[in-house]
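Reviewing the structure listed below.
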Amino acid sequence: MRHIGRRSLAAAAAGLVASLLATTDAGAAARGVPAARPDQEGRNHRGKKKRKAPGREFRGMWLATVANRDWPSKPGLPADRQRAELLAFLDKAVERRLNAVIFQVRPTADALWPSPYEPWSQYLTGVQGRDPGWDPLGTAVAEAHARGLELHAWFNPYRVANHTDPARLADGHPARVHPDWVLPYGGKLYYNPGLPEVRRFVQDAMLDAVRRYDIDAVHFDDYFYPYPVAGQAFADDDTYAAHGAGFPDKAAWRRDNIDRLVREMSEAIREIDKDVRFGISPFGVWRNIATDPLGSDTRAGVQTYDHLHADTRKWVKEGWIDYVVPQLYWHIGFAAADYAKLVPWWDEVARGTDVDLYVGEALYKCGDPAQPAAWQDPAELSRHLTLAGEYPRVRGHVFFSAKEVVTDRIGAMARVVADHYPTPVRPPG
């Protein structure tokens, strides 16, 4: 979920479910499942694929599962209805002439596939650890590819729960087995990124999906160290004392922890399959220019380098990721963080690298009466794509999120399609 808008718990749009036959899979327990288990569509392991030719355009949408934001519409639906809703989203992506779906498969230290590391997600059945009777990730991969869509598996590395009570987690949950791995903060539970054993565990849990499914990419969003909460401290002093030797301060040590996560994930993904890409979608402001002369001409209240301890600019410059999708969730002319100033800043960051730049777009704001006047104009988002098209390293856009791609409150998505997506295209890959 995103720091703005992605915490919305609004009900999923009605009318998405088609009359489709379900193919069920007895599944397996959350632990002890064979590493070579075929998914429900009959696939087994990864299918090797060639990198697609350059010069294509990425047209993606995020499909969020945390708190049932987009899918499933509510927990506890029968497997056939869950599957039908999922396929309806994929069909809508094709109808909107998109070519990639970024599917959230590990929202809160859980899984939307039969993982040997973590329990089944509560957002499927309403009970964490309960087998839903089918394999959502396996189905999503097979069905996306059947429609000519890429399927990017979206993971949240460190979020454990949207509450602070470990007793509410499933029996045998790693956070219950290892209570020393977990810290409460801001009403949520997080794995402690400063513990090397935590970093290894979350990497293993995510890489399980890379080894077993024909995904096109691994995708992280903007959550690393948590967004700051006024009056609260992330209680990792003891961890810093144990592991922070040689760093000038805790902030530098925290950044190194996240750098290690990103660099090691990049290396591991490439070792498993060099054709699986690695992308990250950070908050759109690395640092303000008043903080750092290399920063953007912005006055944002959050800077990823300083507040989330995520040196997103470094990851691009070092080539640790294959693509970056900064969340530029502000309108053109917004004083504190102007879309028209951030696009050229990110274009310059990507200059001279092999990292593809896609822009994260705030479709969820279009027509929201709580948003400024610019977002009431159905043409605002189309203007974003026109402006971004002037910068050579911008190779596509991703829309937050799938529910709004379907409902399209004021026709902003339809306007984008009419103005910019006249025909289907393959993603740049």
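The values are calculated or read from the model by the stated rules, or taken from the named source; none is laboratory data. In this text the structure is predicted, and so the values were computed from the model without any measurement. Using ideal geometry, Cβ is built from the backbone for each residue, glycine included, and neighbour counts are taken over all protein chains shown. Heavy atoms of the whole protein, side chains included, go into the accessibility calculation; ligands, DNA and RNA do not. Shrake-Rupley method; radii C 1.70, N 1.55, O 1.52, S 1.80 Å.
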Hz values of 3J(HN,Hα) by residue in the stretch 230-241 - Karplus curve (6.51, -1.76, 1.60), Gly and Pro given as x: 4, x, 10, 10, 6, 7, 10, 4, 5, 5, 4, 4
Extended-chain gain in nm, criterion 0.36 nm per residue less alpha-carbon gap, V425 and A252: 58.1 nm
Lysine pairs meeting the criterion (Cα under 15 Å, 8 or more apart or interchain), as found in the chain: 7
Charge context of K250, other residues only, Cβ under 11 angstrom, K/R +1, D/E -1: -2
Convex hull of Cα atoms in the stretch 54-212, direction-averaged projection (nm²): 10.2 nm²
Whole-angstrom gap from the stretch 329-393 to the stretch 110-166, using each part's C-alpha centre: 30 Å
At least 30 Å along the helix axis (C-alpha) and Kyte average at least -0.5, DSSP helices within the chain: none
Per DSSP, loop trypsin sites (Lys or Arg not before Pro) in the stretch 192-286 with at most 15 further Cβ within 10 Å: K274
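So what's the projected area for the stretch 276-316, the Cα convex hull averaged over all directions, in nm²?
Average of the hull's projected areas for the stretch 276-316 equals 3.0 nm².
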Cα-projected label distance for A242 with A290, points at 7 Å along beta-carbon direction, nm: 3.9 nm
Rounded if a/c under 1.5, otherwise prolate or oblate - the stretch 332-429, Cα gyration tensor axes: oblate
Interchain or long-range residues, amide H under 5 Å from S281's placed H: F220, D221, V325
Protein accessible area in the stretch 160-278, 1.4 Å probe - carbon and sulfur %: 48 percent
